[in-house]
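The next block holds one structure in the form of structure tokens; read it before the comments.
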Amino acid sequence: MLALSVPLYRRRIGRIALDTAACFALSALLVASALAQDAGADKTLLKLQLNKVETAGEACRVTMVVDNSKGAGLKSYKVDLFAFDPE
């Protein structure tokens, strides 16, 4: 009921802010995951780099760079992404 009294443009601005916050939270999660890895960088076979995070309309676009120059070919690559929307 309270959301109906808020003008539409303010709800859209709030939605964009929520999407931007979700993108930054995802990037922080990826950075924290990368920092939590073992310090043995000499034996690393696969490097995953977060290249860019941006909002695309009402969605979030994440660009990552995968460097597999030291390892064998990959048979598959799977990314699980979970996004929660309060609406």
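The values are calculated or read from the model by the stated rules, or taken from the named source; none is laboratory data. Predicted model, so just to flag it, every value in this text is computed and none were measured. Ideal geometry is used to build each Cβ from the backbone, glycine not excepted, and the neighbour counts take in all protein chains shown.
One table, with the values for the structure above:
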item	result
Where a residue in segment 22-34 is over 17 Å from Gln49 (Cβ atoms) and among the small types (Gly, Ala, Ser) and its partner, wherever it lies, is surrounded by 11 or more Cβ atoms within 10 Å (Cβ to Cβ) and modelled with pLDDT under 85, with Cβ under 8 Å and at least six apart	Ala22/Cys60; Ala22/Ala83
Search result, residues across segment 61-87 that are out of contact with any Asp or Glu (no Cβ under 6 Å at 6 or more places or on another chain), within 17 Å of Thr20 (Cβ to Cβ) and modelled with pLDDT of 80 or more	Val62, Thr63
Hits in segment 6-38 - residues which are loosely packed, with under 10 Cβ neighbours inside 10 Å and at pLDDT 70 or above	Ala32, Leu35, Ala36
